[in-house]
Ligand code: PMP
């Protein structure tokens, strides 16, 4: 669970979070056209840093372009907005949520009024991260939309409805989360995370094109390559996933969650050695302890 910090950045100013509201008849709630992205900030030696903020903002701008939302702010301004809300929340760990949505109160299918609001909020984590391995369910009829129906690159509210229903179904069936198939029946991703499997020492993940280009996914691949691991981005069948030696989810809010069970079958180890090693490397990178990727951090505060 995460709560929004008291101040958020709205169209260039820090305002009280409760004053950032959306009209009930607006396109965002009525059609789900709000575009968003979620990044994170972490304690680093002598201060706080955003993790891969430029990549999150670049993806946010790509999502907005796909949905046809025009922003009055460029990448540098949106990273700076995240720095401001992180400083204002006076915490050293949490999430940053960038949102853009149509301003007008018009629920028509295609909005006539093009103006948008942009909000950037810090979300503070209340619960400790989950440490128990996940029980995952898959269903042949719980699938992502085909890329021709909705680009998997668009982080838009409407894209989360099907995955929400699928997760609810998985939870009702006694699992913790669902892994959705793509429209061709291969393993795709979870509602808010990417999927990895380890098979015979090779780290496998579904290729881009049918999944969100996760920034944690990219970081995991980069860290695995830096460790000299064999890595494969290619279509993953459900059978190969279920019989993996190790498996995990990756996503900003996790950032790596070991999978213990898939469709009732227990995996050999959870977290397995590869999962544990990559988790340690990723947490170190987020805290500026891995010298290999200093460009991933945007420092927001320095002590003293
Ligand atoms: N897939 C989907 C559909 C998501 O919503 C997310 C969360 N943004 C991810 C994967 C993981 O992406 P990231 O590592 O950038 O958080």
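Any read-out appearing in this document is the output of simple, stated calculations on the displayed coordinates, not a laboratory observation. Note that the coordinates shown come from a computational prediction; the quantities given were computed from them, not determined experimentally. Backbone-built Cβ (ideal geometry, glycine too); neighbour counts: all protein chains shown.
Observations on the structure shown:
- Rounded if a/c under 1.5, otherwise prolate or oblate - segment 57-147, Cα gyration tensor axes: oblate
- Ordered by the count of other Cβ atoms within 10 Å of each Cβ, fewest first, 199, 144 give 199, 144.
- Order of 211, 38, 110 - criterion: other Cβ atoms within 10 Å of each residue's Cβ, fewest first: 110, 38, 211
- Computed over segment 2-125, the quotient of the alpha carbon radius of gyration and 2.2 N^0.38 Å is 1.05.
- Relative contact order computed over segment 2-125 (Cα-Cα under 8 Å; 6+ residues apart), in percent: 38
- With N counted as the residues of the chain, its alpha-carbon radius of gyration over 2.2 N^0.38 Å works out to 1.00.
- Within a Gaussian network of the chain (alpha carbon springs, distance under 10 Å), most fluctuating of 149, 28, 173: 149
- At an R0 of 22 angstrom, the distance between the Cβ atoms of residue 238 and residue 280 translates into a FRET efficiency of 0.15.
- Highest-fluctuation residue, 271, 129, 213 considered, GNM on the chain with Cα pairs under 10 Å: 129
- With R₀ fixed at 22 Å, the C-beta to C-beta distance from residue 66 to residue 30 puts the FRET efficiency at about 0.70.
- A straight chain from residue 253 to residue 289 at 0.36 nm per residue would run longer than the Cα-Cα distance by 11.0 nm.
- Ordered by the count of other Cβ atoms within 10 Å of each Cβ, fewest first, 296, 98, 9 give 296, 9, 98.
- In this label model, residue 263 and residue 140 are separated by 1.0 nm, measuring between points 7 Å along each Cα→Cβ vector.
- FRET efficiency estimate (nearest 0.05) - Cβ-Cβ, residue 19 to residue 108, R0 22 angstrom: 0.25
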